[in-house]
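Reviewing the structure listed below.
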Amino acid sequence: MKVLDVKYGIEITRPWNPAMYDHNDKVAELMKVELLMKLEFAHVTEDEELLRDVAKIIYPVGYGDGFEFEEIYVDARKNLEQVENWWLNQEYPYAVKKGFVPALEQEMVGYSK
């Protein structure tokens, strides 16, 4: 196992080690909580544009004109439960940039080259 770096006290290795997976799972849970809170906010305020924007961060296909507000909300929540860590690592910074969610103190590890 080759050690590439150390971040947050975790050895970054190739192949990945269990500590890296554990850390990324914890960060993913925090990301999911933030995204869920924004989905809930969009739902409660009936902000369809925001709901569509946040849902597209969670599920890349997005929702066209044929989808109803409640259908988007329910589907986005379901997809958030199943979203992969690599996808969150890729898309969460965009959600931060758009102002949908706050930046987290720690990021996922092992994805940079």
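A Cβ-based charge dipole, computed about the Cα centre of the range 27-97 with Lys and Arg at +1 and Asp and Glu at -1, lands at about 340 debye. For the options Asn89, Asn24, Asn79, a Gaussian network treatment of the chain with springs between C-alpha atoms closer than 10 Å singles out Asn79 as fluctuating the most. Among Asp65, Asp53, the ranking by other beta carbons within 10 Å of each residue's beta carbon, starting with the fewest, stands as Asp65, Asp53.
Could you work out [θ]222 nm for the chain from helices alone, using -39500 (n - 2.57) per DSSP H run of at least four and dividing by all its residues? Round to the nearest 500 deg cm²/dmol. Counting only the DSSP helices, I get -19000 deg cm²/dmol.
Based on Cα atoms of the chain, Rg over Rh with Rh as the Kirkwood radius reads 1.05. Taking amide H atoms as placed 1.01 Å from N in the peptide plane, the amide H of Thr13 lies under 5 Å from those of Leu4, each 5 or more residues away in sequence or on another chain.
Quick note: the coordinates plus some simple rules give every number you see, no bench work behind them. Computed from a prediction, not measured in an experiment: that's the story for all the values here. No Cβ is skipped: glycine too gets one built from the backbone with ideal geometry, and neighbour counts run over all protein chains shown.
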